[in-house]
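Each reported figure results from applying straightforward, stated rules to the coordinates on display, with no laboratory input. Owing to the predicted nature of the structure, the values given are computational and were not obtained by experimental measurement. Virtual Cβ from ideal backbone geometry, glycine too; neighbours counted across all protein chains shown.
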């Protein structure tokens, strides 16, 4: 085997431009595959971190009648937990409401949250410290959509516990920046104590957000969703994104492998005299097949070296400064930071190397198999077989 | 009989499929070659010279009959056994040299020794010795494309001889060489034959080559026409 590597190395280096073209294309594939997966992994990490920090906490306890995907359940999907049971939980009460910025009506989800909470990164301290009668906070996207700025007053209309419409002016106490659109777009946050007063739903909550000390237990009328369950939708979206993206890089890899396959087919065809010479010098046919296969797989090793020379500084730089995401991408409804910091894990790199080396070896072996059936006499004459 | 039989061809027939029929390249050949012979198969194109050499070199096998080389029946050898026979005991010299283009002169000659897993220091000694036999020690680092025809063929001789095989098969070695180079390489081979006792077997229709041979086997249409022993007939 060592001999095959020595000979393959000499043959590839000796082949000059043809080798380096294949190596270049394969190295490009390496870089793209690792970059794309690193970007997705970075996005995945960031999205999970932000979702936990801003929305999911250590899990959520939802009223059994509340379905986050069905707005008709908001009206009745709420209840009260006893004090002992609500330990380590932050209550959030959700109601539908409307605001009237610049004379137009805008439907919003009105969310009451404990202003003293520290489980989520929502800046609820600004609600606590505000002197406004009904302080409110909202995310940057919501503020932009309603053309609101800090200090603005806006008319809010909601329905109380009996279904009667009521209205009051709320004051924008805080506009926060977040990567999590599900706590931003179409939502207004006010202190839950104010919301209880406004709706008459004293001590009610639609769901609770657990902190890290919460121990899940069965509570009648409430269902617990763990962090993993809450993140499953996000994981599915990212997995889908990974699959759709993989089509692109698999195509690129296929082009690179096709180039190797083509080179191997041509080599077996053009180097028949050389194959005959190897056999006449005492190589077995399987040794010659091995030599040609190693030559093909060595393209991937050269590509790995070239890819490392170009890729390592590039990836280190990108992992440090991140990659800016366009605003349009952030409107997709999934947590997406302004800058994503790709994660180039050892598993990703080793996995990609194995994928490319194994694939290159297989596509090299397929045409090389023909050698085992070659007649050495005809090979020495360079006759087509 | 110098030192005993090294090649024994018994009733060898070789047929090749041609279209739907067959072409008989060798017809019931019976020959014996002794250790240290400097012999040649002579005849026009299509007479079966190369086919017989390929069988002796274990690159091909007879359709009928037995070809015994160093006591081994070529027809009964596996791919691996025939590769081992070629690697250790048979050297080849081809009409177009068949040097490996990406290797240097040194590496081309070293190749057969690499296959035998000979240690580097010993390999180096053997390669340089073989290059000195053919007068090319100073060109060890050159690539084949920088060599003249005569030099290329001398590298091929060194490559065939470096492992000190019992038999060297030379298929039309002078076909691409001028007269001066032909005489030069034949002299070299003759010296190696005399000094190392290697059996040389040529296929040729070159009169200049024939002038060096001790024995000429005339082939015509796949059959032995005449087996001519020419004792001590050498040119210098």
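Key figures
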read-out	value
Förster radius 22 Å - calculated FRET efficiency between residue B:210 and residue A:375 (Cβ-Cβ, nearest 0.05)	0.15
Neighbouring partner chain Cβ atoms per residue of B:53-60, average, 10 Å criterion	3
Shape call, the range B:1-135: gyration tensor on alpha carbons, a/c limit 1.5	prolate
Acute angle (nearest 10 degrees) that the helix B:149-161 long axis makes with the longest principal axis of chain B, alpha-carbon atoms	80 degrees
Cα gyration tensor, the range A:72-161 - rounded (a/c under 1.5), prolate or oblate	oblate
Average Cα contact separation per residue, chain A, under 8 Å, 6 or more apart, as relative contact order %	27 percent
Calculated FRET efficiency for the pair residue A:305/residue A:262, C-beta based, R₀ 22 Å, to 0.05	0.50
Average partner coverage of A:281-290, which counts Cβ from other chains inside 10 Å	6
For chain B, built as a Gaussian network whose Cα springs stay under 10 Å, the top-fluctuating residue of B:152, B:211, B:222	B:211
Difference of contour (0.36 nm per residue) and Cα-Cα distance, residue A:312 to residue A:221	27.4 nm
Taking the convex hull of Cα positions in the range B:175-236, its mean projected area over all directions (nm²)	4.6 nm²
Computed label-point distance, nm, for sites residue B:75 and residue A:5 using a 7 Å Cα→Cβ extension	4.4 nm
Within 10 Å of each Cβ in A:377-383, the average number of Cβ atoms from other chains	4
Order of B:227, B:60 - criterion: other Cβ atoms within 10 Å of each residue's Cβ, fewest first	B:227, B:60
Residue A:128-residue A:358 FRET efficiency (beta carbon distance; Förster radius 41 Å; 0.05 resolution)	0.10
Fewest-first ranking of B:75, B:203, using other Cβ atoms within 10 Å as the exposure measure	B:75, B:203
Using alpha-carbon coordinates, inclination of helix B:120-133 to the longest axis of chain B, degrees	70 degrees
Of all DSSP beta bridges in the protein assembly as shown, antiparallel share, percent nearest 5	70 percent
Percentage relative contact order, the range A:60-225, counting C-alpha pairs under 8 Å, at least six apart	35 percent
Taking all pairs of distinct alpha-carbon atoms in chain B, Kirkwood radius in angstrom	18.1 Å
Chain A: most fluctuating residue of A:206, A:182, A:131 per GNM, C-alpha cutoff 10 Å	A:131
When the range A:1-54 is reduced to its Cα atoms, the Kirkwood hydrodynamic radius in Å	14.3 Å
Within the range A:60-225, percent of DSSP bridges classed antiparallel, to nearest 5	75 percent
Surface/4 of the Cα convex hull for chain A, nm²	25.5 nm²
Normalised per residue, the volume of the convex hull around the Cα set of the range A:60-225 (Å³)	112 Å³
Spin-label pair residue A:64/residue A:88, simplified geometry with 7 Å Cα→Cβ offset, distance in nm	2.3 nm
The range A:338-375 and the range A:278-312: distance between their alpha carbon centers, rounded to Å	13 Å
Percentage relative contact order, the range A:46-110, counting C-alpha pairs under 8 Å, at least six apart	18 percent
Distance in nm between pseudo-label sites at residue A:212 and residue A:166 (7 Å out along the Cβ direction from Cα)	3.9 nm
Cα-based helix-to-principal-axis angle, A:346-368 vs chain A, degrees rounded to 10	30 degrees
Sorted by Cβ neighbour density within 10 Å, fewest at the top, the residues B:159, A:285	A:285, B:159
